[in-house]
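What follows is a set of notes on a single structure, which appears directly below.
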Amino acid sequence: MAIQHKDVVPVAACRDPQRLPAGYTGEIRQGDLRDPDYLDRLLVGIDVVCHTAGWTSFLNTKKASRQQYLEPTLELIQRVLEWRVPRFVNLSSIAVARVAQRQDGETRAQPGRGWPMISCMAAVEAFMLAHATRSCSFINLRCGIYSGHRLHTGLLPLLISRMDSRLLTHHRGQYGYLPLVDGIDLGQAFARAALAPENIGYRSMNIIGPDLPSQAEVIDFIQQQTGIIRFRAGLPRAINRWIHPLLGLIPHASGAPLFNRNLGDYLSNPKLSNDLARQVLGYDPTISWQASLLNLLDEIRKHPQAAALHSPIRPLN
């Protein structure tokens, strides 16, 4: 919508049109990706699919992750190939790569140990790589940690909801970075991927914000803005990777675990960059991590339920 490209006509495929951004006036194709009948009518006249649907869970929810995300996504890609749609842009995560390999957005995705959602994302990446052809190209965007307006789930809302716990620690050292990405920059990445040159084959790349804060900087900033006082211990990842599973034995007020190994893995990040996305797509993020966090905190103040662990499973429409 923002770029107003003369050759781009957006079509919104969604379950609930009321959740679309204010000001959207384009075509809406309402339905659920888990509904085969919906898939049969979804792709008529479509040149590029931007697949941003997902299933959020840091828990060991293997059956739910497969049913809510993996199976519908693979079925959608199959339909894309059958309908000969030229371009498929996929939303993935930096967490699909091993911590020490996350600098390279093209490194092979690895199944998550005890984290089925990451295993499902890795399976989607492998499927796209195997099916990229001259008639259908795939661009995989491994995004950093979501931040900004309209964010109601994910790592940051969960972390903020637990910020007053004196048990939580943060990583420091070479894996102590927090690669945030604002929704506005994420939208720019999808727009640029949709308009990238033809015959791109399969490319995978990291998408983060314009600067890379440390975990300590992010935690201190949130504390200053909220007045929450928390334990400030920053420990090396080698120690934290043993502490976080123990925190999984402690219940939070919501009934979910206070923390767990998967959250710890997601927090463990080396220095990342947008170099490949800038080179291939011309990606140029503009929203600083401070501005993005202020928008997120404002969202949470307006909608306290935004700090939930994960969204509920919704039935088929």
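General remarks:
- Any hit, region 105-116, residues being modelled with pLDDT under 95 and part of a helix (DSSP H, G or I): yes
- When residues of region 156-198 are limited to those that are of a type in the set (Asp, Glu) and at pLDDT 95 or above, the one surrounded by the most Cβ atoms within 10 Å (Cβ to Cβ): Asp182
- Subset of region 166-194 [over 21 Å from the mean Cα position of the chain (by Cα) and of a type outside the set (Lys, Arg)]: Leu167, Leu168, Thr169, Gly173, Gln174
- Residue check for Ile228: at pLDDT below 90 and assigned to a loop (DSSP other than H, G, I, E, B): yes
- Of the helices (runs of 4 or more DSSP H) lying entirely inside region 256-305, those containing at least 3 residues that are at pLDDT 95 or above span 275-281, 289-302.
Here's the yes/no breakdown for (1) under 23 Å from Cys143 (Cβ atoms); (2) in contact (Cβ under 8 Å) with a residue 60 or more places away in the chain; (3) β-branched (Val, Ile, Thr):
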{"position": "Pro36", "(1), (2), (3)": "no, no, no"}
{"position": "Arg41", "(1), (2), (3)": "no, no, no"}
{"position": "Ile46", "(1), (2), (3)": "yes, no, yes"}
{"position": "Gly54", "(1), (2), (3)": "yes, no, no"}
{"position": "Pro72", "(1), (2), (3)": "yes, no, no"}
{"position": "Val99", "(1), (2), (3)": "yes, yes, yes"}
{"position": "Arg102", "(1), (2), (3)": "yes, yes, no"}
{"position": "Met128", "(1), (2), (3)": "yes, yes, no"}
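- Of the candidates Val80, Val89, Val96, Val124, the single residue that is over 17 Å from the mean Cα position of the chain (by Cα), buried (at least 21 other Cβ atoms within 10 Å of the Cβ) and farther than 29 Å from Lys302 by Cβ is Val80.
- Residue list for region 134-158, restricted to those being free of Cβ contacts under 8 Å to residues at least 60 places away in the same chain and under 16 Å from Ser93 (Cβ atoms): Tyr146
- The residue of region 110-121 that is farthest from the chain's Cα centre (by Cα), among those that are over 25 Å from Gly173 (Cβ atoms) and either surrounded by fewer than 19 Cβ atoms within 10 Å (Cβ to Cβ) or of a type in the set (Gly, Ala, Ser) (or both), is Pro111.
- Residue check for Val218: part of a strand (DSSP E or B), at pLDDT 90 or above and among the β-branched types (Val, Ile, Thr): no
- Any chance Arg134 is in contact with a helix residue (DSSP H, G or I) (Cβ under 6 Å, 6 or more places away or on another chain) and charged (D, E, K, R): no
- The criterion of at least 1 residues that are among the polar types (S, T, N, Q), at pLDDT 95 or above and touching a helix residue (DSSP H, G or I) at 6+ places or on another chain (Cβ under 7 Å) is met, among strands (runs of 3 or more DSSP E) falling completely within region 10-70, by 27-30.
The values are calculated or read from the model by the stated rules, or taken from the named source; none is laboratory data. These figures come from a predicted structure and were not determined experimentally. Note that each Cβ is placed from the backbone with ideal geometry, even for glycine, and that neighbours are counted across all protein chains shown.
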